[in-house]
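The values are calculated or read from the model by the stated rules, or taken from the named source; none is laboratory data. Just so you know, these numbers come straight off a predicted model, no measurement behind them. Methodologically, a virtual Cβ is constructed for each residue, glycine included, from the backbone with ideal geometry; neighbour enumeration extends over all protein chains shown. All accessible areas refer to the heavy atoms of the entire protein, side chains included, with ligands and DNA or RNA removed. Shrake-Rupley method; radii C 1.70, N 1.55, O 1.52, S 1.80 Å.
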Amino acid sequence: MTVAVEFKKVSRHFGAVKAVDEVDLKIDEGSFFAMLGPSGSGKTTSLRLISGFDQPSAGSIHIFGEACETAPPNRRPVNTVFQDYALFPHLSIRDNVAYGLMVRGVRKNLRHQEADEMLSLVKLDNFGDRKPAQLSGGQRQRVALARALVNKPRVLLLDEPLGALDLKLREQMQEELKALQQRLGITFVFVTHDQTEALSMADKIAVFNAGGIVQIGTPEEVYHRPRTKFVADFVGSSNLVPPQISLDLGGQSCWSSLKPEALTLTKQEGAKVVGTVKSIRYLGATNRVMIQVGETELSALLSNTADHWTRGDFVGLQVKPGALYAMEENT
Amino acid sequence: MRSDQRSSKWLKLAAIAGLLFLHLPLALIFLYAFTTEATSYQFPPPGLTLDWFEVTWNRADVWEALGLSVKVASISTVIALVLGTLCAAAVSRSRFFGREAISLLVILPIALPGIVTGISLRSAFNLADIPYSTLTIILGHATFCVVVVYNNAVARFRRLSASMIEASMDLGANSFQTFRYIVLPNIATAMLAGGMLAFALSFDEVIVTTFTAGQQATLPIWMLEELVRPRQRPVTNVVAMVVVLVTFLPILGAYYLTRSGTDTAGAGK
């Protein structure tokens, strides 16, 4: 498989701040790649390094095998969908979409035709004559998408593409983006701080923290087998199990992650690990039960039909075999 | 109910009185452009005539002063447009040490009394051994014209988001195309408004001109001289009418251009 974007030991330092520090990264062509992390983790800087709005302090960036650390944005086969969409307020929607073709010297009727086709791809037929101010947030998002895609980029970069939309619209756009990516077969790279967004859309996720990538993997890998405590905490709602409890539950003697749904409660007798029920929250089909085990608080997701527990109960803890996943101890 | 009506009547009266106070003197200037009495302001005018327009038309010194004023205003407006817009772009588009200080320094000339600007320019020209000429008038006017353009442009630049320029580059445009297709259309009306105000300011400027002019007289200076030694006094009134119209139209234009939610800052000096 061709590699679309490759970082080799890429760093971007702003004075003493290491926004991106020695990052290695490979993004396969045709994949839907998510850069996930809290703000200030280096994900947006990495995106700007790919788009060309920023240059690395050290290291090399290859886009389809070509070194391009210093190439300006207008000479890269990538286009960006900006967080605030950055539509041109003085141009009609059609001229917005046709802008990339216009600056390349494509004739007017030809570029308008292509713009209209692109608008119909994002379900905005008949919106061509309007101005950006006359569109809703979701519609502007689509225009930004069409404006980037009309240039037939080999990589499409999306900076927090759904951040400004309300929940319902966001879920709808998630599906549409995914469908669009599969239909066009273009590599999508998107930056987000929302783990559910990353998990539901991406083929692969890079989890950023403090200027570096902590883990790269499929959503399943990142969710079920977080490599570090940070990933377990940020991506999933995993329990972080200290070494001693992990050992007692049948895992290894190191920090481990444990999904709430893999934890079951028993009557106290005979259990190696015991705790106290601290709280119970009703979630519809399930209950979320918090259990205090010594210093540690663990959460379990229990079916409603199972035994009923009440606050203050002493319980024994059991886990399904293989549910405890050993993590690297540091961080 | 009754007291409401009464108070609104008084308000109306007050408003009318205020308007009269502001505009009656102007109306008088206009009226005396038509008087038949040439040497004194006699009220009411003994008769009305259009002769003074013809007399004014045939006076070479009027044309000379008008020509100089238009020339000075045009050139200093062009200088102000270039410098003011570039300065606004620098201040709003990038972060650098002393940015706020520069912003203040650019605006300062309009806050200073004209007489201070005038004296400092005069001594500067003296020190630099630059003879007083049309050029020195233009330079003097440019100092406050830059501010007007700068203020208008900087307000507009603030609304032009950085990502819009990045988007243009990202879509394949080079710097020139980005300026031509994205930046310019978005700041054009602000530049035009700033330019019109600058022109109007320069056109009726007296104080700075007094200090920076040599033997030439711009239109306002010419009018002052006419008041001191009156020959054909109503000619001055005719010229005053022209000045009012010439400066009023650009200001009106600037108002309409920036009325859609944009601030026209620094409109008064």
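Points to keep in mind about this one:
- Inside the stretch A:75-95, residues that are under 28 Å from the mean Cα position of the chain (by Cα), crowded, with 21+ Cβ neighbours inside 10 Å and not in a loop (DSSP other than H, G, I, E, B) make up a count of 4.
- Residues satisfying the stated conditions in the stretch A:11-31, i.e. part of a loop (DSSP other than H, G, I, E, B) and either on the phi < 0 side of the Ramachandran plot or among the charged types (D, E, K, R) (or both): A:Ala16, A:Glu29, A:Ser31
- Members of the stretch A:68-114 found to be without any contact (Cβ under 8 Å) to a residue 40 or more places away in the chain, in contact with a strand residue (DSSP E or B) (Cβ under 7 Å, 6 or more places away or on another chain) and more than 10 Å from chain B (Cβ to nearest Cβ), listed by number: A:Cys68, A:Glu69
- Test: residue in the stretch A:241-256 that is in the same structural domain as A:His308 (by TED's automatic domain parsing), surrounded by 15 or more Cβ atoms within 10 Å (Cβ to Cβ) and of a type in the set (D, E, K, R): yes
- Selection within the stretch B:55-65: residues that are under 12 Å from B:Val239 (Cα atoms) and charged (D, E, K, R). The member of this set that is nearest to the chain's Cα centre (by Cα) is B:Asp61.
- Residues being surrounded by 19 or more Cβ atoms within 10 Å (Cβ to Cβ), within 9 Å of another protein chain (Cβ to nearest Cβ), among the small types (Gly, Ala, Ser) and assigned to a helix (DSSP H, G or I) - total across the stretch B:162-190: 2
- Scanning the stretch B:8-48 for residues that are surrounded by 13 or more Cβ atoms within 10 Å (Cβ to Cβ) and either over 27 Å from the mean Cα position of the chain (by Cα) or not in a helix (DSSP H, G or I) (or both) returns B:Ala33, B:Phe34, B:Thr35, B:Thr36, B:Glu37, B:Ala38, B:Tyr41, B:Pro45.
- In this structure, B:Asp61 does not satisfy being in contact with a helix residue (DSSP H, G or I) (Cβ under 9 Å, 6 or more places away or on another chain) and open to solvent by 80 Å² or more (accessible area, probe 1.4 Å).
- Within the stretch B:224-255, if we keep just the residues that are touching a residue at least 60 places away in the same chain (Cβ under 8 Å), hydrophobic (A, V, I, L, M, F, W, C) and open to solvent by less than 50 Å² (accessible area, probe 1.4 Å), the residue that is farthest from B:Phe34 (Cα to Cα) turns out to be B:Ala254.
- Here is the figure for the stretch A:34-62: residues that are hydrophobic (A, V, I, L, M, F, W, C) and more than 14 Å from every other protein chain (Cβ to nearest Cβ) total 5.
- Taken together, the residues in the stretch A:33-56 that are surrounded by fewer than 21 Cβ atoms within 10 Å (Cβ to Cβ) and part of a strand (DSSP E or B) amount to 0.
- Number of positions in the stretch A:111-140 that are among the charged types (D, E, K, R) and part of a helix (DSSP H, G or I): 5
- The stretch A:185-207, residues that are part of a loop (DSSP other than H, G, I, E, B) and either under 11 Å from A:Gly37 (Cα atoms) or outside the structural domain of A:Asp21 (by TED's automatic domain parsing) (or both): A:His193, A:Asp194
- If you filter the stretch B:149-161 down to residues that are assigned to a helix (DSSP H, G or I) and surrounded by fewer than 19 Cβ atoms within 10 Å (Cβ to Cβ), you find that the one that is nearest to the other protein chains (Cβ to nearest Cβ) is B:Arg159.
- Residue in the stretch A:141-151 that is at negative phi, away from chain B (no Cβ under 14 Å) and in a loop (DSSP other than H, G, I, E, B) present: no
- Check on B:Ala162, under 19 Å from B:Ile221 (Cα atoms) and small (Gly, Ala, Ser): no
- Hits in the stretch B:53-100 - residues which are modelled with pLDDT under 85 and touching a Phe, Trp or Tyr at 6+ places or on another chain (Cβ under 6 Å): B:Ser92
- A:Ile205 open to solvent by 50 Å² or more (accessible area, probe 1.4 Å), of a type outside the set (Gly, Ala, Ser) and under 26 Å from A:Arg48 (Cα atoms): no
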